[in-house]
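Written below as structure tokens is the structure these notes are about.
Just so it is clear, none of the values below were taken in a lab; they were calculated from the coordinates. Bear in mind the structure is a predicted one, so any value in this text is a computation, not a measurement. Ideal geometry is used to build each Cβ from the backbone, glycine not excepted, and the neighbour counts take in all protein chains shown.
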Amino acid sequence: MLIMALLSGAAFYLPIAYGFLVVLLMVWPLWTLYFMIGARKNLGKPKHLEKFGSLYAGIKTKGLKALAYNAVFAVRRFDLVLVNVFFTAGSPLSGIERTWYLQKILCFLIIQIMYLSYIHVTRPHE
């Protein structure tokens, strides 16, 4: 009975679920950035390396710009998914009637150019 009531109100709960997901995906990069900058002094210690080493494996840990790599990478992935969902027909985020392929491609190119520019300037990988 409860499941049927929830399913009948799915049109109401779907935008709330999308909104929660968007907020969660915006908090994750900020948390990783905060964590990497806050733990900067402990990054070389064996105990810290054992727990969190996979978070910054292969990334330079000396500069702040390079430490921001995980946050930039997560934002890029989030933006690619958001663009794909937003410009798709029937999306609850946009409400457009048909898929806009040209806008998707242009947004993908802009996102990738910005990401590659960041990689070129900061060179975060060892």
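On the given criteria, is Val83 among the hydrophobic types (A, V, I, L, M, F, W, C) and touching a residue at least 40 places away in the same chain (Cβ under 8 Å)?
no
With the requirement that a residue be surrounded by fewer than 17 Cβ atoms within 10 Å (Cβ to Cβ), polar (S, T, N, Q) and in a helix (DSSP H, G or I), what does the stretch 54-78 give you?
Once the filter is applied, which keeps residues that are surrounded by fewer than 17 Cβ atoms within 10 Å (Cβ to Cβ), polar (S, T, N, Q) and in a helix (DSSP H, G or I), the stretch 54-78 yields only Ser54.
Identify, by number, the condition in (1) closer than 19 Å to Arg123 by Cα; (2) charged (D, E, K, R); (3) outside any loop (DSSP other than H, G, I, E, B) that Lys51 doesn't meet.
Result: Lys51 fails condition (1) only.
Give the residue that is surrounded by the most Cβ atoms within 10 Å (Cβ to Cβ), with candidates limited to residues of the stretch 12-47 that are basic (Lys, Arg) and without any contact (Cβ under 8 Å) to a residue 24 or more places away in the chain.
Selected residue: Lys45.
For the stretch 48-69, what are the residues that are of a type in the set (D, E, K, R) and either touching a Ser or Thr at 6+ places or on another chain (Cβ under 6 Å) or in contact (Cβ under 8 Å) with a residue 24 or more places away in the chain (or both)?
Answer for the stretch 48-69, where residues must be of a type in the set (D, E, K, R) and either touching a Ser or Thr at 6+ places or on another chain (Cβ under 6 Å) or in contact (Cβ under 8 Å) with a residue 24 or more places away in the chain (or both): Lys60, Lys65.
Give the residues of the stretch 79-111 that are over 23 Å from Leu21 (Cβ atoms) and either of a type in the set (S, T, N, Q) or part of a helix (DSSP H, G or I) (or both), sorted by residue number.
Across the stretch 79-111, the qualifying residues are Tyr101, Leu102, Ile105, Leu106, Leu109.
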